[in-house]
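Read-outs throughout are calculated quantities, based only on the coordinates presented, and are distinct from any laboratory measurement. Quantities reported herein were computed from a predicted structural model and do not represent experimental measurements. For neighbour counting, all protein chains shown are included, and Cβ atoms are generated from backbone atoms with ideal geometry for every residue, glycine included.
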Amino acid sequence: MLKSISSREFPRLLMMLKDYTNHLAANSNSLMTKFFGAYKLEWNNPDDTKYGRKKLTKSYIIVMDNLFKNFDTGLKFDLKGSVKSRDRLEGD
């Protein structure tokens with residue numbers, strides 16, 4: 001599962017990493033979400049220029065385990081993002 005996070009959340013997540021891994025090591029049956037990676041993506045955006053140069057765009061994402069992968073969740077709802085079909089996700 002991928003999730004975008006803010007630039008402010010990214011360093012905070014990295015600061016908690018040692019305590020987080022220690023907790024999971026001591027509590028193997030924990031229901032805490034398991035994080036597999038945290039990434040900062042950067043690219044030059046050709047549609048956005050600053051002072052005649054392409055602007056560098058940054059995005060932060062985390063990769064995590066899906067707690068409900070082997071569990072029938074019933075209805076699924078989109079809690080943020082597009083308002084189109086917000087009541088019920090298409091195809092579910």
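Annotation note: trypsin sites (Lys or Arg not before Pro) in the stretch 1-63 located in DSSP loop regions with a Cβ neighbour count of at most 16 within 10 Å are Arg8, Lys34.
Label-to-label distance, Phe36 versus Tyr20, with points set 7 angstrom from Cα along the beta-carbon direction: 1.5 nm.
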